[in-house]
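The values are calculated or read from the model by the stated rules, or taken from the named source; none is laboratory data. Nothing here was measured: the structure is a model prediction, and the numbers come from that model. Counting neighbours? That spans all protein chains shown, and the Cβs are built from the backbone with ideal geometry, glycine included.
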Amino acid sequence: MSATAPAPSALHVLEHVFGYTTFRGEQQAIVEHVAAGGDALVLMPTGGGKSLCYQVPALLREGTAIVVSPLIALMHDQVSALVEAGVAAAFLNSSLDAEAARAVERDLYAGRLDLLYVAPERLMTPRFLDQLDHLRDTRRLALFAIDEAHCVSQWGHDFRPEYLQLSILPERYPSVPRIALTATADRQTREEIAQRLRLESARRFVASFDRPNIRYTIVEKDDPRRQLLAFIREEFPREAGIVYCLSRRKVEETAAWLQEQGINALPYHAGLAQEVRAEHQTRFLREDGLVMVATIAFGMGIDKPDVRFVAHLDLPRSIEGYYQETGRAGRDGLPAHAWMTWGAQDVVQQRRMIDESEASDEFKRLARHRLDVLVGLVEATTCRRQHLLAYFGEEAPPCGNCDNCLSPPVTWDATEAARKALSCVFRTGQRYGVGHLIDVLRGNATDKVRERCHDQLTTFGIGTDLDDKRWRAIFRQLVAREFVAVDHERYNALTLTELARPLLRGEAEFHVRLAPERARSRSRRSAARLDIPGGIPTTVFDRLRAWRTATAKARNVPAYVIFQDATLREIALSRPTTLAELAHISGVGDRKLEAYGEAILEEIAQAG
């Protein structure tokens, strides 16, 4: 930015560079605060527009903004998007060869860059710090933006030790404003971010964590692969999605099985070779309708806006992890779906992993609490979104867009049945698994039951009124809610916990949800599908998407870097006939209007 040019306003930059006429939510307040030199800690949901909160101030302030980002793929795509918008942006990371890196450093030294993305380990090298010192001394260091700031938290699974070193920034560059941003952080993690990055006195901006365009559905496991396949085929047969699994083996097996069923799926986990991971991630970002089956190693910083669903085949580790992972769906604001299948064994496995970890007792205590909160979410019989937002300290009315709101579950007072189950666990010596206990309760005089004289117990046959499936549901809930524990040393035998005492004594009640019948209506599904999004004439929309795909391929960038689906939808609906009309479409800035305007108008004209 020239020192003699009149300073543009934030709204001018927003409209002419990025193509938007208004800020959303807290964006304007954040932009103005940072542009004026203030420090900020920003907590905003994925898809809420965090990047603009530092990109606009970077263009308003003199000099170069340094953006700290943990992921090479994210840097590459964000820089590509900025360059498409006409912004002088670059990145420095290990993907560049020495000559290319030196070229970026020369541009930085000469003041030719508005934004530079760097990995935290690169920023902390003496060579790069010397370059930053030069920018500081010549008053050309605009700001520091620390993206994915939760990586500094030692409580989270995205912890990056190199982020801790960023605390030197206020010491070395005290007059340079800093903005730290994250899409998810509970209260404890927020405080840890502020403390470790020395942002205790920074102004905090906490946006609503609600993602109203995401529908939440949680089902009990019953052949989960088939359940997943039915979900994809019925809801999003040709759309991009992410399927999370807990283990690497399950990732590869699930991806291979989906491929056999005709789904374009790829695996991703930390055990794959680096070049394979890079290839799969690039394909996911640049191809339409690809499903990535992955562990939690995949996803942080993925900017792909048209992910239509996120599915979990295993229970996540915490409600915060669940929120972060599901938040990768629907970043473009269009309808998306967060779908999960779970079972009591998931809870048992997670608790076992916590107990057997080498973490501190305090870490284990917090991990158990976070898991218990997640179990409360999956067991909930009321609005899922209310439970989810409550974890982040936010109150909300019933959403009308989760499974519990759309098909309120039927609950059953299973207090008496639960007492029978707990009594059977006790009478059989707390040495047997679910199958044997159900045989005793239902009076199945198998050889093993007779051999152990369990057909002589007072609990033998007291549960003949319930079938095997209903008893398994009760035991599943008893395990999930920790009325009984699973002893892995004794072949998954069930043992009573302290929580079982008040229930056995008649001092507590036990209610369970009944599995709903599968909905036959296709009307609700149509709201989330995008075959004819929002009544758009699909000939126009499809032509625009095909043009975008070809253009992105020619420019070697992801399709959404050219234009997002939401922008193409608006173009297809309004069908502009002049460049002036096209300029009013959200997401069409000056640079993109100049580069692509005539081609878009031609596509519209040819659609008739």
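The single condition among (1) under 12 Å from the mean Cα position of the chain (by Cα); (2) of a type in the set (Phe, Trp, Tyr); (3) part of a helix (DSSP H, G or I) that Phe309 does not meet is (3). Helices (runs of 4 or more DSSP H) fully within the range 355-455 that include at least 1 residues being in contact with a Lys or Arg (Cβ under 6 Å, 6 or more places away or on another chain): 403-406.
Per the conditions (1) at pLDDT 90 or above; (2) farther than 26 Å from Pro335 by Cα; (3) buried (at least 19 other Cβ atoms within 10 Å of the Cβ), the sole criterion not satisfied by Glu581 is (3).
Conditions tested, residue by residue: (1) surrounded by 19 or more Cβ atoms within 10 Å (Cβ to Cβ); (2) under 25 Å from the mean Cα position of the chain (by Cα); (3) free of Cβ contacts under 8 Å to residues at least 60 places away in the same chain; (4) under 20 Å from Ala367 (Cα atoms).
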{"position": "Asp158", "(1), (2), (3), (4)": "yes, yes, no, yes"}
{"position": "Gln188", "(1), (2), (3), (4)": "no, yes, no, yes"}
{"position": "Gln195", "(1), (2), (3), (4)": "no, yes, yes, no"}
{"position": "Arg198", "(1), (2), (3), (4)": "no, no, yes, no"}
{"position": "Phe205", "(1), (2), (3), (4)": "yes, yes, no, no"}
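On the stretch given as the range 41-83, residues that are more than 16 Å from Ala119 (Cβ to Cβ), out of contact with any Cys (no Cβ under 8 Å at 6 or more places or on another chain) and touching a residue at least 12 places away in the same chain (Cβ under 8 Å) total 25. Applying the criterion of being surrounded by fewer than 21 Cβ atoms within 10 Å (Cβ to Cβ) and under 39 Å from the mean Cα position of the chain (by Cα) to the residues of the range 423-438, the residue that is nearest to Asp465 (Cα to Cα) is Gly435. Scanning the range 16-35 for residues that are without any contact (Cβ under 8 Å) to a residue 12 or more places away in the chain and small (Gly, Ala, Ser) gives no hits.
Here's the yes/no breakdown for (1) in a helix (DSSP H, G or I); (2) surrounded by fewer than 16 Cβ atoms within 10 Å (Cβ to Cβ):
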| site | (1), (2) |
| --- | --- |
| Val31 | yes, no |
| Gly49 | no, no |
| Tyr54 | yes, no |
| Pro70 | no, no |
| Arg112 | no, yes |
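Got at least one residue in the range 355-369 being closer than 27 Å to Arg513 by Cα, touching a helix residue (DSSP H, G or I) at 6+ places or on another chain (Cβ under 8 Å) and among the polar types (S, T, N, Q)? Checked the range 355-369: no residue is closer than 27 Å to Arg513 by Cα, touching a helix residue (DSSP H, G or I) at 6+ places or on another chain (Cβ under 8 Å) and among the polar types (S, T, N, Q). In the range 165-177, the residues that are assigned by TED's automatic domain parsing to the domain that holds Leu41 reach residues that are of a type in the set (D, E, K, R) and in a loop (DSSP other than H, G, I, E, B) with C-beta atoms within less than 7 angstrom, at least six apart or across chains, in these pairs: Ser167/Arg198; Pro170/Arg198; Pro177/Asp39.
Under the condition of being free of Cβ contacts under 8 Å to residues at least 12 places away in the same chain and within 20 Å of Ala418 (Cβ to Cβ), the residues counted in the range 445-466 number 1.
When Ala119, Ala149 are screened for being crowded, with 19+ Cβ neighbours inside 10 Å, within 21 Å of Glu200 (Cβ to Cβ) and hydrophobic (A, V, I, L, M, F, W, C), only Ala149 passes. Ile193 falls short on exactly one of the conditions (1) closer than 19 Å to Tyr323 by Cα; (2) outside any strand (DSSP E or B); (3) in the same structural domain as Leu272 (by TED's automatic domain parsing), and that condition is (3).
Matching residues to (1) surrounded by fewer than 19 Cβ atoms within 10 Å (Cβ to Cβ); (2) touching a Ser or Thr at 6+ places or on another chain (Cβ under 9 Å); (3) in contact (Cβ under 8 Å) with a residue 24 or more places away in the chain:
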site: Glu320; (1), (2), (3): no, yes, yes
site: Arg328; (1), (2), (3): no, yes, yes
site: Val347; (1), (2), (3): no, no, yes
site: Arg352; (1), (2), (3): yes, no, yes
site: Ala359; (1), (2), (3): yes, no, no
site: Lys364; (1), (2), (3): yes, yes, no
site: Ala367; (1), (2), (3): no, yes, yes
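The condition (being assigned to a helix (DSSP H, G or I), in contact (Cβ under 8 Å) with a residue 60 or more places away in the chain, surrounded by 14 or more Cβ atoms within 10 Å (Cβ to Cβ) and within 22 Å of the chain's Cα centre (by Cα)) is satisfied by just one residue among Ala255, Ala278: Ala278. Taking (1) outside any loop (DSSP other than H, G, I, E, B); (2) in contact (Cβ under 8 Å) with a residue 60 or more places away in the chain in turn, Arg139 satisfies each apart from (1).
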